[in-house]
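Below you'll find the structure, written out as structure tokens, and then a few comments.
The values are calculated or read from the model by the stated rules, or taken from the named source; none is laboratory data. Being a predicted model, the structure only gives us computed values, none of them experimental. For neighbour counting, all protein chains shown are included, and Cβ atoms are generated from backbone atoms with ideal geometry for every residue, glycine included. Just so you know, the surface numbers come from the protein's heavy atoms only, side chains and all, with ligands and any DNA or RNA stripped out. Shrake-Rupley method; radii C 1.70, N 1.55, O 1.52, S 1.80 Å.
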Amino acid sequence: MDVASVISPQLRRLLSYVRPYLFRLLIGVVLLAIVAFTEGLVALMVKPAFDQVLKPGVFGSSVPLVTLPWSGRVIYLNNFFPASIHNVGTIFALAFLFIGAVRSLAEYLGATQIQYIGHAAVTDLRNAVFSRIILQPIGFFQKNSTGRIISAAINDVERTRVALSEYLADLFQKSFTFLAFVSVLLILNWKMALGAAVLLPLVLLPVNKFGRKIRRSAENTQIRLADLSQILQETTSGNRIVKAFGMEDFEIHKFAQVAKRLLKESMRWVRAAAITSPLMDLLGALVIPLLLLYARGLISHHQMTEGQFLAFMYAMFSAYGPVKRMGYVYQQFQAAQGASLQIFSFLDLPVEVADAPGSHSLGRFAGEIVFENVGFAYESAPILRDISFTARKGEVIALVGTSGAGKTTLVNLIPRFHDVTSGSLRLDGRDVRELSLRSLRSQIAMVTQENILFHDTVWNNICYGQSNVTEAQVHAAARAALAADFIAELPQGYFTMIGERGQRLSGGQRQRIAIARAILKDSPILILDEATSELDAESERLVQQALANLMTGRTSFVIAHRLSTIRRADRILVLDGGLIRESGSHSDLLARGGLYARLCDLQFADDETLAPSPDQRDGLTEPSTAT
């Protein structure tokens, strides 16, 4: 077996998570070594069992355990008992009972120690993976599917858990057991022991070869599992679309096809892993007849007793067991290496842009936000170019433009979800890249089109990111967001579980919970990204009132297509092709008759076409502008 391939750099890295638990590991190893020693003693006791216990009086009252080949010294079981105990059967029974008790206790304590180490190491690994994922920049989540990320953090880590917990304990125990039985074989008859080991490389070489195949197959298996996770995630989160388009059968077939490919990959490494046991059985079938012929001559010439031969055979078969198991364990570690590729690729990713050396902590925003010739390109594709404007404290800046104009990208530069690639963005005179991320983002609250609520209580969703808030503060935020009334009607009020992404609430209710969260954060800068675009008229009216409460006294950046919000803006920026084409108030831009006026005309035309009655248009909703 190629040691270099067993302890590869990747496997060493995986095992490095065991390092913090070396003391426990040492204790576990010593205990498992005791287990192996007792198993070797059991093998040695086969000889006196047949030669003394089953033939009482033939050899007297002494119970020889073993004759040391290098000194010829005989070790008797009698030496370990008081002289008053001299019955052969009693000595043997007490010795066997003591060995069994020691073995059982050591095995329990040793296995639990090693298992703890494995589970603790994998817990550290899982925490490291999650921490690295959560600290990735926005671009990471745009490139990697949710299903693949979940599969790496759950499925791939679980595969390594089995190796580091169950198989790590097996590796130590079987290794020591193998050494113990080999020692017994050499003590009993070293020539027969060497003869029995001649064919062992015929087993180890194929096991090593199949191990490399298992590693590659395990990599592919984890990819297929990731594909299944992705399909499951998409079809469950988008179940209404699947049902609306009658695509249940299509999705079932797609899932079954990927599952079939997973089965094919799984069987490749199952077949490779299963080869060890048959090879060992074949080796035994070749060796045993030869040993029988050889031992028959020794026994006939009184150079070996029947008990000694039976002890040798017992030790030899017992040694084959650990070899078979170690081969399987080796293959499982290979599979763990294959599964850990995606894990370590995530761990090797740089985290979100760290704070620059000497970064400053920003006090509460009190001045202005300045975009000066700002440009941004994503993977060399320019999205924003030469963006220059100033937003002063308390101003409302509205961003309009066609889809893909760069509105969301522009506001994402403020909390540094992306960094500008040219020009500068300054808050209160400091470049945002010189500020610590925590102090910068503490100044900003966001309400977006698809607000993410967590599978938790209403209370915890409102308090998200806030600690040491009072009940009065939470209730005040809910009232300001016009959410207190519907929260009171929920089964458990503020402590009602709202489901994944808040699915147990209506769209308007979800938005008002998000607004309450932003109000409670009490940040001086506010970003609203299409916060009312998917609401009905009644919900929109309530959300608009809540947003008005939220925007009071805050510097707000609003991406919206509702005229009621844009009309109140101090300034409207019209983006097109990554450039600011127009800037001014609503009335100024309409009078100018440029791009903004054309967008308004298009939106008005759509409203007149879609509106069911003038009363509805003049009532709860207002004409809107295009985004």
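Here are some conditions: (1) open to solvent by less than 20 Å² (accessible area, probe 1.4 Å); (2) at negative phi. Residue 360 meets all but one. Which one does it not meet?
(1)
Run residue 331 past the list (1) within 26 Å of residue 526 (Cβ to Cβ); (2) outside any loop (DSSP other than H, G, I, E, B); (3) not basic (Lys, Arg) and report the number of the one that doesn't hold.
Checking residue 331 against (1) within 26 Å of residue 526 (Cβ to Cβ); (2) outside any loop (DSSP other than H, G, I, E, B); (3) not basic (Lys, Arg), the one that fails is (1).
Check whether at least one residue in the range 468-490 is part of a loop (DSSP other than H, G, I, E, B), surrounded by fewer than 15 Cβ atoms within 10 Å (Cβ to Cβ) and touching a Ser or Thr at 6+ places or on another chain (Cβ under 9 Å), and report yes or no.
Scanning the range 468-490, I find no residue that is part of a loop (DSSP other than H, G, I, E, B), surrounded by fewer than 15 Cβ atoms within 10 Å (Cβ to Cβ) and touching a Ser or Thr at 6+ places or on another chain (Cβ under 9 Å), so the answer is no.
Taking helices (runs of 4 or more DSSP H) that do not extend beyond the range 402-463, which have at least 1 residues that are of a type outside the set (Phe, Trp, Tyr) and under 27 Å from residue 475 (Cβ atoms)?
So the answer is 437-441, 458-462.
Taking into account only those residues within the range 524-547 that are at pLDDT below 75 and within 13 Å of residue 449 (Cα to Cα), which is most open to solvent (accessible area, probe 1.4 Å)?
Going through the qualifying residues, I end up with 534.
Just wondering, is there one or more residues in the range 32-42 that are open to solvent by 10 Å² or more (accessible area, probe 1.4 Å) and at pLDDT below 85?
no
Yes or no: the range 407-430 includes at least one residue that is aromatic (Phe, Trp, Tyr) and either touching a Gly at 6+ places or on another chain (Cβ under 9 Å) or within 25 Å of residue 142 (Cα to Cα) (or both).
For the range 407-430, residues aromatic (Phe, Trp, Tyr) and either touching a Gly at 6+ places or on another chain (Cβ under 9 Å) or within 25 Å of residue 142 (Cα to Cα) (or both): present.
Would you check if residue 323 is among the β-branched types (Val, Ile, Thr) and touching a Ser or Thr at 6+ places or on another chain (Cβ under 8 Å)?
Judged against the criteria, residue 323 is not a match.
Can you name the residue in the range 208-258 that is open to solvent by 70 Å² or more (accessible area, probe 1.4 Å) and polar (S, T, N, Q) and, of all such residues, is modelled with the lowest pLDDT?
Filtering the range 208-258 for residues that are open to solvent by 70 Å² or more (accessible area, probe 1.4 Å) and polar (S, T, N, Q), the one modelled with the lowest pLDDT comes out as 237.
Assuming residue 546 fulfils every condition listed in (1) outside any loop (DSSP other than H, G, I, E, B); (2) within 29 Å of residue 233 (Cα to Cα) apart from one, which condition is it?
It is condition (2) that residue 546 fails.
Look through the range 309-320, keep the residues that are open to solvent by 30 Å² or more (accessible area, probe 1.4 Å) and in contact (Cβ under 8 Å) with a residue 40 or more places away in the chain, and return whichever of them is nearest to residue 53 (Cα to Cα).
Only one residue fits best here, namely 310.
Within the range 114-195, considering only helices (runs of 4 or more DSSP H) that don't extend past its boundaries, which have at least 3 residues that are over 14 Å from residue 336 (Cα atoms)?
138-143, 146-151
Looking only at the range 148-174, how many residues end up being open to solvent by less than 10 Å² (accessible area, probe 1.4 Å) and modelled with pLDDT of 80 or more?
5
Could you say which residue among 369, 343 is under 21 Å from residue 445 (Cα atoms) and in contact with a Ser or Thr (Cβ under 8 Å, 6 or more places away or on another chain)?
369
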